[in-house]
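A.B. asks: The structure's right below; bear with me while I get my questions together.
Values quoted throughout were computed directly from the atomic coordinates according to the rules given, and no laboratory measurement underlies them. All of these numbers come straight from a predicted model, not from anything done at the bench. Cβ atoms come from the backbone with ideal geometry, glycine included; neighbour counts cover every protein chain shown.
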Amino acid sequence: MQRAMSRMLGFAPMLFWGRWGTPIPRRVPVHVFVGKPIAVKRDPAPSNEAVAAMLKTFIAAMQELFEEHKAKAGYPDYQLVVL
């Protein structure tokens with residue numbers, strides 16, 4: 001039905017569900033936590049293995065940061081899932 005309506009009108013109608021039914025976002029707290037810097041060796045042409053190792057280091061640092069601060073942000077029972 002949405003596809004037919006979009007073709008008939010020539011544009012895709014959008015529903016807003018923000019503040020007062022407008023596109024203005026609702027007020028929600030935003031928590032920002034900054035971790036320790038990750039040392040990266042500069043390499044103009046890194047191998048796939050080097051990229052995979054750096055990604056593994058980054059994900060481990062993100063998991064550590066999440067576990068350390070999740071209770072402070074109000075999510076003590078949440079689990080971080082990296083896909």
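A.B. asks: Any residue in segment 1-17 that is without any contact (Cβ under 8 Å) to a residue 24 or more places away in the chain sitting within a Cβ distance under 9 Å of a residue that is small (Gly, Ala, Ser) and exposed (fewer than 10 other Cβ atoms within 10 Å of the Cβ)? List the pairs, counting only those 6 or more apart or interchain.
C.D. replies: Correct list of pairs: 15/21.
A.B. asks: Check residue 26 against each of (1) touching a Lys or Arg at 6+ places or on another chain (Cβ under 7 Å); (2) surrounded by 10 or more Cβ atoms within 10 Å (Cβ to Cβ) and name the one condition it does not meet.
C.D. replies: Single failed check for residue 26: (2).
A.B. asks: If you don't mind, another one. Residues in segment 65-79 that are in a helix (DSSP H, G or I) and surrounded by fewer than 13 Cβ atoms within 10 Å (Cβ to Cβ): how many?
C.D. replies: Number of matching residues: 2.
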